[in-house]
Amino acid sequence: MNTLLLAITAFALVVLVALVLRPVQEDVESNHEEDERISPLLRGINYLLSDEPDRALQEMVQVARLRSEAADVYMALGEMFRARGEIGRAVRIHQNLLARPDLSQDIHLQAHVALAIDFQTGGLLDRALVQYQKALNIQSDHAAALEASLRIREQSKEWLLAEELLSRLERVRNESYGSHRAYLFAEVARQRFEQHDEEGAQADAARALELDVRCAPARIVEIDLALHRQDLDAAETGVRTLWKQAREHFPLVIPSLLQHETFYQTRGLNLLRELWLDGQDAELILAWIESLTEKRGITEARNLCNELSFVPHSLRESLRLNATLGEDSDVHTGFARQWRKTAKNYVCEQCGVEVVEVRWQCPQCHSWGTLHPKAEENV
Ligand SMILES: [Zn+2]
């Protein structure tokens, strides 16, 4: 018999023992009621022992229907099924519980949250949101329901709805999430820019930067907007500010600078040269060389590398350079390129997860702005 069946059996036995050993002062009527509960419970255990968990559950529904304390047993069973990945069964248990008319408001709330988690675990995000909302209708300051709904809105890239939930969470917890909000507005700005709503994008990028001046994605939208409307002064100012405020994410703007031919020829080239001389930042020059190779070919990239006398100082830098500028015929280049495709370039300061491409929100702990470039490859 597997561990789940053992666990359910243990639960059933606990309920049974609790019923049998109830205080003797109970009146005859309630004794009769308990008798009614014991027989489905015994049948349930019987089904469990014969490895028929679904029929066992049916019997235990009877038990729970007769007495509200059994709801706790139910909730625990639901948790167990979900933890085992049997989402369908967890859903059925929680739905059964919610179908009971005599349920206390507290159990109702717990069951809505549990059902929401079932749906969320099963990837049914819309249905999860409905259940969280029902929980919030019972208790509007339920922080866990607010937070889970926020995650779902973020996951579905519904940034404004996420921002609304963040505001509610701030009020409930009496904390300020200014930087988190800045990243949400940066996402809104990027979305608007992609939908050609330049004015809206500008306003939201500004809002984000007002909340957090180091919010790199908002600054990059601002630079993209300036380039788009051919405002080269504003673009240059934006680039310098990004360098000053969020240097570690500076390389991400380089493809935009190269994309805009006029800007790159008249200012970008000199500006990048100046910034390279300012800090000899290897990430800057590597991103520049990679972008140049992609957009203008390998010869120009090799010339730049020679002109600025760039020499890698770590294995990671050396591999990146080799992957970009190495000869196709060189076997080392082949290996370096393979490495480059799967190398984890960013690491989360909160949870330590490592990812290949930059993300503003950590895929594991969901914090915003906590992923930083990895400095050195472990050898
Ligand atoms: Zn993280």
Return yes when Leu77 is touching a helix residue (DSSP H, G or I) at 6+ places or on another chain (Cβ under 9 Å), modelled with pLDDT of 75 or more and open to solvent by less than 30 Å² (accessible area, probe 1.4 Å) and no when it is not.
yes
Of the numbered conditions (1) at pLDDT 95 or above; (2) within 21 Å of Met80 (Cβ to Cβ); (3) among the small types (Gly, Ala, Ser), Ala186 satisfies every one except a single condition; which is it?
(2)
From (1) among the aliphatic types (A, V, I, L, M); (2) out of contact with any strand residue (DSSP E or B) (no Cβ under 7 Å at 6 or more places or on another chain); (3) modelled with pLDDT of 90 or more; (4) within 18 Å of Glu357 (Cα to Cα), pick out the condition that doesn't hold for Ala343.
(3)
Test set (1) assigned by TED's automatic domain parsing to the domain that holds Phe250; (2) in contact (Cβ under 8 Å) with a residue 60 or more places away in the chain - Arg151 fails condition number:
(1)
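Residue-by-condition table, conditions (1) open to solvent by 30 Å² or more (accessible area, probe 1.4 Å); (2) within 30 Å of Leu242 (Cα to Cα); (3) under 22 Å from the mean Cα position of the chain (by Cα):
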| site | (1), (2), (3) |
| --- | --- |
| Val130 | yes, no, yes |
| Glu158 | yes, yes, yes |
| Ala162 | no, yes, yes |
| Arg173 | yes, no, yes |
Assigned to a helix (DSSP H, G or I) and in contact with a strand residue (DSSP E or B) (Cβ under 9 Å, 6 or more places away or on another chain): which single residue out of Glu154, Glu199 fits that description?
Glu154
Against the condition surrounded by 15 or more Cβ atoms within 10 Å (Cβ to Cβ) and in a loop (DSSP other than H, G, I, E, B), how does Arg214 come out, does it pass?
yes
Residues satisfying the stated conditions in the stretch 132-152, i.e. open to solvent by less than 20 Å² (accessible area, probe 1.4 Å) and either among the aromatic types (Phe, Trp, Tyr) or over 20 Å from the mean Cα position of the chain (by Cα) (or both)
Tyr132, Ala135, Leu136
Residues of the stretch 220-255 satisfying the condition of being within 27 Å of the chain's Cα centre (by Cα) and open to solvent by less than 30 Å² (accessible area, probe 1.4 Å)
Ile220, Val221, Ile223, Asp224, Leu242, Ala246, His249, Phe250, Pro251, Val253, Ile254
From the set of residues in the stretch 40-69 that are of a type in the set (A, V, I, L, M, F, W, C) and closer than 25 Å to Gly122 by Cβ, which is modelled with the highest pLDDT?
Ala56
Return the residue satisfying two criteria in turn: it lies in the stretch 301-354 and is basic (Lys, Arg) and away from the ligand (no atom under 16 Å from the Cβ), and of such residues it is most open to solvent (accessible area, probe 1.4 Å).
Lys341
Name the pairs whose Cβ atoms lie under 8 Å apart, with the first residue in the stretch 310-337 and without any contact (Cβ under 8 Å) to a residue 24 or more places away in the chain, the second of a type in the set (Phe, Trp, Tyr), and 6 or more positions between them or separate chains?
Ala323/Trp339
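Considering only the stretch 180-189, I want to know if a residue exists there that is outside the structural domain of Arg359 (by TED's automatic domain parsing) and either outside any helix (DSSP H, G or I) or open to solvent by 50 Å² or more (accessible area, probe 1.4 Å) (or both).
Scanning the stretch 180-189, I find no residue that is outside the structural domain of Arg359 (by TED's automatic domain parsing) and either outside any helix (DSSP H, G or I) or open to solvent by 50 Å² or more (accessible area, probe 1.4 Å) (or both), so the answer is no.
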Regarding Leu371, is this residue in contact (Cβ under 8 Å) with a residue 24 or more places away in the chain and within 16 Å of the ligand (Cβ to nearest atom)?
yes
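The values are calculated or read from the model by the stated rules, or taken from the named source; none is laboratory data. Quantities reported herein were computed from a predicted structural model and do not represent experimental measurements. FYI the Cβ positions are ideal-geometry reconstructions off the backbone, even for glycines, and counts take in every protein chain you see. The area values use the complete protein model at the heavy-atom level, side chains included, leaving out ligands, DNA and RNA. Shrake-Rupley method; radii C 1.70, N 1.55, O 1.52, S 1.80 Å.
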